[in-house]
Amino acid sequence: MAKINMDEIAKSLGVSKGLVSKAMRGKYGVSEETRAKIFMQATNLGYDFSKLRNKKTSVSHQWHPSFHLA
C-alpha cells in the first residue's frame with residue numbers, strides 16, 4: 001500500500017497542500033470544521049500520523065476526531 005502524503009489529502013478534498021499542512025500542525029487560520037474534515041479524510045486515506053512532529057519539542061501530534069466534534 002502506498003504511503004499517503006499531504007498533497008494527496010489536499011487533492012482529495014480540493015484544498016491546497018498548505019492548508020492541509022497548517023491544519024495538521026495546529027496552526028492558526030484553519031477553522032475547526034475544516035481541520036476536522038482534513039483529519040477525517042487523512043484517517044480515511046490511511047495517513048501515517050506518526051510523521052507529524054513538532055520540531056521544537058520533538059513531540060508527535062495526536063488527534064482524534066472526537067476531540068473536535070460536538
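Computed over the stretch 4-46, the convex hull of the alpha-carbon atoms projects to a mean area of 2.5 nm². Working note: Karplus 6.51/-1.76/1.60 with θ = phi - 60° gives the stretch 8-15 the couplings 5, 5, 4, 4, 5, 9, x, 10 Hz, where Gly and Pro are set to x.
Between E32 and S12, the simple label model (points 7 Å from Cα in the Cβ direction) yields a spacing of 2.4 nm.
Every read-out reported here was derived from the displayed coordinates using simple, explicitly stated rules and does not represent laboratory data. Here the structure is a predicted model, which means the values were calculated and not measured. Here Cβ is always computed from backbone atoms with ideal geometry, including for glycine, and neighbour counts include all displayed protein chains.
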